[in-house]
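Notes to accompany the following structure.
The values are calculated or read from the model by the stated rules, or taken from the named source; none is laboratory data. All values reported here derive from a predicted model rather than from experimental measurement. Here the Cβ positions follow ideal geometry from the backbone for every residue, glycine too, while neighbour counts run over all protein chains shown. With ligands, DNA and RNA removed, areas are computed over all heavy atoms of the protein, side chains included. Shrake-Rupley method; radii C 1.70, N 1.55, O 1.52, S 1.80 Å.
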Amino acid sequence: MEIKVLDSVKDTPCEVLVINKFQDEKTSQELANTFAVEKDGFEGKFGQTYLLHTLGKIPADKILIVGFGKKEEFDANKMRLAVSKAVKKLQQIHAKNACFDFDVNCDYGKSAAIGALIADYAFDKYKTEKATRVEEITFAKFSEKDVREGIIFGEAMKFTRDLANEPAEYATPSKLAEIASNLDGITTKVYDKEEIERMGMGAYLAVGKGSAQAPKFIHMKYCGKNPKKKLAIIGKGICFDSGGLDIKPASSMLTMRDDMSGAACVLGVMRALSSLEPDIEVHGIIAACENMPSGTSYKPGDILRAKNGKTIEVDNTDAEGRLTLADALCYACELGVDEVIDIATLTGACVVALGTNVSGIMGNDEDLISTLIRVAESSGEKFWELPMYPEYKDSLKSDIADMKNTGSRQGGASIAGVFLKEFVNGPKWAHIDIAGTAFLEKPQGEFISGSTGAGVRTILNYIKSV
Ligand code: BES
Ligand code: MN
Ligand code: ZN
């Protein structure tokens, strides 16, 4: 989809002119007021749509009216949803181009562009029959700059969604390393198995042992002009999570190609930085591998030594994400960064607790956590803080090592959080659990099923805000 901006679309010929209607107000188009509002009683409740033919009375063939709901309740998030809704309607009627002329605050250009690109998304690479797409849309009134930024965000999300939707056979650790090595404006170092061994990452290495795919530890770096802060973002990069020897049942394994959604998010964010040019130093880190059962797999009862010297008894090979993150966290802390954010499809318990609309967040710094929650809200995502009381550590007690990798099923998301905390030394840290939000089994809101690009918008906005 191509997105353009014009001051006015009054005289622009197009297939569909998209306008809005607030409840209890008229629209900007006479025709719409006469036919849709007065004759048919179209109210304009949020998300309602109404399509009418113009019979040549204006330069557009049709008018699509989108309900904006109550004026005082309208905001940037509603703008994103409304534009998504309109684009889906345009797809349904096979419209190839449209002009959007909304009678609203002109600062909503970024949300509008993001909404259009989220709705435009389809993963149809492997389909013979491609999805129906709107080829071109033109926004009136919004600033070019806001829309451009929305396009950067929308394209970052698309990149992340594509990568997480790809089969594990395609998105291997080596593939992630290759992608990371080819990003504009980013310097990348990829460590192979021997180097990972030399760095002492015994927890991460154990997870990948059963796989035919070699592990790749990926370190990307972006450096802005006058960096105000050093930030590390770590994405869980399990390219396929079969559970390992503690193998998952078939139904739980079905979507486990999504277990690198955190890594895909970090790659999407890093890729966008050279266009956004924020004044910050960002390290993107991915400990990529597959969790597979085989004769060379790590086993329950094994004792692993992480990079910081702490020992871990393997209680369950399916709690692999935290083992890879443990070593990645140690690595990030050694870089001397001010803040570390990790993002991971970490626990089924988080999905049970918060569902598929809300990601869990925890960490060691209330300011960082509350800032991220606030940025998420204004970015159109939802983060909810989960507790990290020291009592959660009790269930990780081991008789033979410093800790086990799993404890009780109850409170599983928090237990994973306190496990990770053992590997954070120095920086402010936040952990985002996107197990429920990264990948949808059925459509939800503006998203089709599959990957959502969870975390991309929020992390980009957070980086921009420093
Ligand atoms: N990748 C899974 C978590 C997950 C579950 C992600 C559902 C997306 C959707 C993780 O590695 C895992 O298997 N966690 C286990 C931990 C348990 C063994 C303590 C879980 O949540 O069941
Ligand atoms: Mn697992
Ligand atoms: Zn996993």
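Points worth noting:
- Among the residues of the stretch 227-268, those that are part of a helix (DSSP H, G or I) and out of contact with any Phe, Trp or Tyr (no Cβ under 9 Å at 6 or more places or on another chain) comprise 250, 251, 252, 262, 263, 265, 266.
- Checklist (1) in contact with a Leu (Cβ under 8 Å, 6 or more places away or on another chain); (2) part of a loop (DSSP other than H, G, I, E, B) applied to residue 94, failing item: (1)
- Subset tally (residues that are surrounded by fewer than 22 Cβ atoms within 10 Å (Cβ to Cβ), within 16 Å of ligand 3 (Cβ to nearest atom) and assigned to a strand (DSSP E or B)) for the stretch 286-331: 0
- All of 344, 306, 349 fail the test of being touching a helix residue (DSSP H, G or I) at 6+ places or on another chain (Cβ under 6 Å) and more than 16 Å from ligand 1 (Cβ to nearest atom), apart from 306.
- Candidate set: the stretch 211-226, residues that are part of a strand (DSSP E or B) and open to solvent by 20 Å² or more (accessible area, probe 1.4 Å); chosen: the one nearest to ligand 3 (Cβ to nearest atom): 216
- Looking across the stretch 194-210, the residues that are open to solvent by less than 10 Å² (accessible area, probe 1.4 Å), of a type in the set (A, V, I, L, M, F, W, C) and touching a Leu at 6+ places or on another chain (Cβ under 9 Å) come down to 196, 203, 206, 207.
- Selected residue [in contact with a strand residue (DSSP E or B) (Cβ under 6 Å, 6 or more places away or on another chain), within 30 Å of residue 460 (Cα to Cα) and hydroxyl-bearing (Ser, Thr, Tyr)] from 398, 379, 359, 370: 359
- Qualifying positions in the stretch 229-248 - more than 11 Å from ligand 1 (Cβ to nearest atom) and open to solvent by 10 Å² or more (accessible area, probe 1.4 Å): 229, 230, 245
- Selection within the stretch 289-345 - within 21 Å of residue 265 (Cα to Cα), of a type in the set (A, V, I, L, M, F, W, C) and in contact with a Gly (Cβ under 6 Å, 6 or more places away or on another chain): 289, 333, 343, 344
- One residue stands out in the stretch 257-309 among those that are among the basic types (Lys, Arg) and touching a Cys at 6+ places or on another chain (Cβ under 9 Å): the one that is nearest to residue 246 (Cα to Cα), namely 257.
- When residues of the stretch 19-33 are limited to those that are open to solvent by less than 20 Å² (accessible area, probe 1.4 Å) and in contact with an Asp or Glu (Cβ under 7 Å, 6 or more places away or on another chain), the one farthest from residue 94 (Cα to Cα): 20
- Against the list (1) of a type outside the set (A, V, I, L, M, F, W, C); (2) within 12 Å of ligand 2 (Cβ to nearest atom); (3) open to solvent by 10 Å² or more (accessible area, probe 1.4 Å), the condition residue 336 fails is (2).
- Put simply, of 137, 151 the only residue that is in contact (Cβ under 8 Å) with a residue 60 or more places away in the chain, assigned to a strand (DSSP E or B) and within 23 Å of residue 460 (Cβ to Cβ) is 137.
- Unmet requirement for residue 104, which otherwise passes all of (1) closer than 25 Å to residue 461 by Cα; (2) assigned to a helix (DSSP H, G or I); (3) of a type outside the set (D, E, K, R): (2)
- Residues in the stretch 160-176 that are of a type outside the set (Val, Ile, Thr) and either crowded, with 22+ Cβ neighbours inside 10 Å or in contact with a Ser or Thr (Cβ under 6 Å, 6 or more places away or on another chain) (or both): 161, 163, 164, 165, 171, 173, 176.
- Candidates are the residues of the stretch 39-98 that are touching a helix residue (DSSP H, G or I) at 6+ places or on another chain (Cβ under 8 Å) and among the basic types (Lys, Arg); the one that is surrounded by the most Cβ atoms within 10 Å (Cβ to Cβ) is 80.
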